[in-house]
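The next block holds one structure in the form of structure tokens; read it before the comments.
The values are calculated or read from the model by the stated rules, or taken from the named source; none is laboratory data. Bear in mind that the values here come from a model prediction, so they are computed numbers and not experimental data. Every residue, glycine as well, gets a Cβ built from its backbone with ideal geometry; the counts of neighbours run over all protein chains shown.
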Amino acid sequence: MSRTRIAVPFALLTAAALTLSACGSGEDATGAGGDAQPAAKTGKIPTQDVVSSVQKDPAAAKLLPAEVRERGTLALASSVGTPPTATYLPDGKTLAGQDIDFANAVAKVLGLKLEREVASFEAILPALGSGKYDLGTGNFGVTDERRKTIDFVTYINDGQGFATRKDSDLKKVTDLKQLCGLNVATGAGTTFEATLEENKHVCTDAGKDAYKVQTYAEQGALWISLQQGRSDVVMNTINGLRYAVDQQEGLKFLNEFKRLDVGFAFKKDTDLAPAFQAAVNRLKQDGTYDRILKKWGTSASAIEKSQISPPELK
């Protein structure tokens, strides 16, 4: 497929992503009701309310530190990019996404109010250690390296995958040596960047040209690089890639490369983890958990139960 034919659909995706990611802090998504279908099936961001009916669970709330229960608020840093993780509705200020729904639902279980601030993905984890935020969301994969300085409470399973243009000869990436000599676009400060940088040697060890890692802070810029031929393949979240491929002509999902648990992120040795774990498991029991995943078309990312900082999936 020529660049001319894919320019329009790519423009729809990239223009929206650049506009949304450039916005400032937004309000919590409240949902407009109705029977919106999963985002990956309709092209529209679903707005049905799956959270407001969630009730406080006294047993889970009791696990919170006393000072948090008394204060009744938590400072949350949210990374916002594209659906299904987190994005803005067309008004440019209302947040919507899987991460938004899960954070709001957990807060209701615990009887807390979230003071949400939008922050860049790469800035959130360091800011947790400094105490600027109580927790962060951003589809943060649980890795052994991150567990050294961050605690996680898991709520979905996502991971690493690849996508490219339909006119690419790539069919599946099972070995990073298949990327030798190519330009690989990915998000800055992500597990994808770390994986790619750590394994560049597989190409030179095999006597081949190393692939080049191109990092982008904005999701829109990442996709534009692919459209314009400045990159050959994108490494990103499995759910995010599937969404983009479902929505846009001229793209193809290559494969899942590695699955990772995804969790709420906290500073190391946080006292908040047990309460959040109990809250996620409560949402699984009352059906809210499945409703959130169905809304965003990510039911394949369901976990059996929430865990606190589990070992990285191998």
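It is to be established whether one or more residues within region 294-312 are closer than 18 Å to Ser53 by Cα and surrounded by fewer than 21 Cβ atoms within 10 Å (Cβ to Cβ). Within region 294-312, one or more residues are closer than 18 Å to Ser53 by Cα and surrounded by fewer than 21 Cβ atoms within 10 Å (Cβ to Cβ). Per the listing Thr195, Thr204, Thr186, the residue uniquely among the β-branched types (Val, Ile, Thr), under 28 Å from Gly297 (Cβ atoms) and in a helix (DSSP H, G or I) is Thr195.
Scanning region 63-78 for residues that are in contact (Cβ under 8 Å) with a residue 40 or more places away in the chain and either out of contact with any Asp or Glu (no Cβ under 6 Å at 6 or more places or on another chain) or under 25 Å from Gln285 (Cα atoms) (or both) gives Leu63, Leu64, Pro65, Val68, Arg69, Gly72, Thr73, Leu74, Leu76, Ser78.
Table: residues versus (1) at pLDDT 95 or above; (2) over 18 Å from the mean Cα position of the chain (by Cα); (3) among the basic types (Lys, Arg); (4) surrounded by fewer than 22 Cβ atoms within 10 Å (Cβ to Cβ).
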{"residue": "Val106", "(1), (2), (3), (4)": "yes, no, no, no"}
{"residue": "Asp134", "(1), (2), (3), (4)": "yes, yes, no, yes"}
{"residue": "Thr149", "(1), (2), (3), (4)": "yes, yes, no, yes"}
{"residue": "Asp169", "(1), (2), (3), (4)": "no, yes, no, yes"}
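Before we move on, is Asp271 more than 17 Å from the chain's Cα centre (by Cα), surrounded by fewer than 19 Cβ atoms within 10 Å (Cβ to Cβ), in the same structural domain as Ser130 (by TED's automatic domain parsing) and part of a loop (DSSP other than H, G, I, E, B)? In short, yes. For region 113-121, indicate whether the set of residues that are among the small types (Gly, Ala, Ser) and either within 24 Å of Arg146 (Cα to Cα) or in contact with a Phe, Trp or Tyr (Cβ under 6 Å, 6 or more places away or on another chain) (or both) is non-empty. Checking region 113-121: at least one residue is among the small types (Gly, Ala, Ser) and either within 24 Å of Arg146 (Cα to Cα) or in contact with a Phe, Trp or Tyr (Cβ under 6 Å, 6 or more places away or on another chain) (or both).
Candidates are the residues of region 154-167 that are within 13 Å of the chain's Cα centre (by Cα) and of a type in the set (Ser, Thr, Tyr); the one that is surrounded by the fewest Cβ atoms within 10 Å (Cβ to Cβ) is Thr154. Once region 278-293 is narrowed to residues that are within 17 Å of Asp99 (Cβ to Cβ) and not basic (Lys, Arg), the residue that is surrounded by the most Cβ atoms within 10 Å (Cβ to Cβ) is Ala279. Looking at this structure, is Asp261 buried (at least 20 other Cβ atoms within 10 Å of the Cβ) and touching a Ser or Thr at 6+ places or on another chain (Cβ under 9 Å)? Answer is yes for this residue. Checking the structure you have, find out if any residue of region 15-29 is touching a Pro at 6+ places or on another chain (Cβ under 8 Å), of a type in the set (A, V, I, L, M) and modelled with pLDDT under 90. No.
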